[in-house]
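J.: Please read through the structure below; I'll follow up with questions.
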Amino acid sequence: MRPLKHMLAAIGDRLSSQNPGLVGASLALLLALLWVTFGFFRMLFVVAATLGGYYIGIRWFSDREKIKTLLDRIFPPGLFR
């Protein structure tokens, strides 16, 4: 998993340092394709679900206790242990 993380970080650094406009244009193209494909509100749902999954993934892989405390706040304590 580490080599993939380093590879993606290197690609991100290269894109942001050499041509930051390319990153913005790529994101705009992706959002436009989602909008045309799904419509505005479905696109917002897809983007929100993606960002939520990203947030949970970052929390889960950085410290598993944080996600357990988050789930304990949302659901009855001990349900997911």
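The values are calculated or read from the model by the stated rules, or taken from the named source; none is laboratory data. Computed from a predicted model, the values in this text were never measured in an experiment. Glycine also receives a Cβ, built like all others from the backbone with ideal geometry; neighbour counts cover every protein chain displayed.
J.: Can you tell me which of (1) out of contact with any helix residue (DSSP H, G or I) (no Cβ under 6 Å at 6 or more places or on another chain); (2) modelled with pLDDT of 75 or more; (3) in a helix (DSSP H, G or I) is the one P77 doesn't meet?
T.: Status for P77: all satisfied but (3).
J.: Scan the range 27-48 for residues that are within 22 Å of G12 (Cα to Cα) and surrounded by 13 or more Cβ atoms within 10 Å (Cβ to Cβ) and report the count.
T.: 2
J.: Looking at T50, T37 in this structure, which one is at pLDDT 85 or above and more than 19 Å from the chain's Cα centre (by Cα)?
T.: Result of the check over T50, T37: T37.
J.: Identify, from the list L51, L33, the residue that is without any contact (Cβ under 8 Å) to a residue 12 or more places away in the chain and outside the structural domain of K5 (by TED's automatic domain parsing).
T.: L51
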